[in-house]
Each structure stands twice: as C-alpha cells, then as structure tokens.
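Asks: One structure, as structure tokens, below. Some questions next.
The values are calculated or read from the model by the stated rules, or taken from the named source; none is laboratory data. Please read all numbers here as calculations on a predicted model, not as lab measurements. Here the Cβ positions follow ideal geometry from the backbone for every residue, glycine too, while neighbour counts run over all protein chains shown. These area figures cover heavy atoms from the full protein model, side chains too; ligands, DNA and RNA do not enter into them. Shrake-Rupley method; radii C 1.70, N 1.55, O 1.52, S 1.80 Å.
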Amino acid sequence: MSNGLLADDIWTLTVVTVFVVLAVLPTFIALVRGADEILLIMLVNALCCATVIGWPIALVMAIKWPRKHRHPTPSPHVRSSPPRTQPQHPRRVIRGRIE
C-alpha cells in the first residue's frame, strides 16, 4: 500500500511542477530575452496567470516586447592597414660620410 501512495505522490509532484513551470514561463522568457518593462510582464503574469486570457497575454508580451539592449549586428571584419608615416629616405654611405 505504501508503494501506491509513493507513486501517487510522485505523480502529483510531477504534475504540480509542470503547471508551475508553465505558469512562470512568460517571466522566464522575459528575463532571458532582457525585455523592457520586465516588471510589467511579471506583474501581468503573477496577477493574471490563473485566467484564460491573462497567461497568453503575458506570454505574448514576453516574446514580442522590445529588448533593453539590442545586440549590434556584427559587421564584416574589415582589415585596415596601419597608418602611413612619412617615407624615410634611406641613408647612404658615401666615402665615409653619411648622407
């Protein structure tokens, strides 16, 4: 009989864990993306999570909301030459003198 209770407890814990993870999924997505107004997304998620309409709204906000810091697009690597200096004339040695 105790094996049946243990299996029921594990099943219940698994179901509750899945629901909790799904409930806070919009907040996690917003945190990972670094969305603007993350507190607003968290508030909508916390207050409206139990409703049928509130959770999808929070999810859409978390996915579509603009980011705080946009990542710059990588530019192609342009290799630049070192700055040019004035050409130096080579020194010549003529009969023991340096010119």
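Asks: All but one of (1) part of a helix (DSSP H, G or I); (2) more than 14 Å from Trp65 (Cβ to Cβ) hold for Val44, so report the exception by its number.
Replies: (2)
Asks: Working only within the range 28-57, note down all residues that are among the small types (Gly, Ala, Ser) and at pLDDT 90 or above.
Replies: Ala30, the sole residue that qualifies.
Asks: Output the residues belonging to the range 47-58 that are closer than 11 Å to Leu25 by Cα and either open to solvent by 60 Å² or more (accessible area, probe 1.4 Å) or under 20 Å from the mean Cα position of the chain (by Cα) (or both).
Replies: Trp55, Ala58 - these are the residues of the range 47-58 that are closer than 11 Å to Leu25 by Cα and either open to solvent by 60 Å² or more (accessible area, probe 1.4 Å) or under 20 Å from the mean Cα position of the chain (by Cα) (or both).
Asks: Could you pull out the residue among Thr27, Thr12 that is of a type in the set (Val, Ile, Thr) and open to solvent by less than 50 Å² (accessible area, probe 1.4 Å)?
Replies: The conditions single out Thr27.
Asks: To continue, here is another question. What's the number of the only condition in (1) in contact with a Gly (Cβ under 8 Å, 6 or more places away or on another chain); (2) at pLDDT below 75 that Pro76 fails to meet?
Replies: Condition not satisfied by Pro76: (1).
Asks: Suppose we filter the range 31-46 for residues that are more than 15 Å from Val21 (Cα to Cα) and more than 17 Å from the chain's Cα centre (by Cα); how many remain?
Replies: Looking only at that region, the number is 3.
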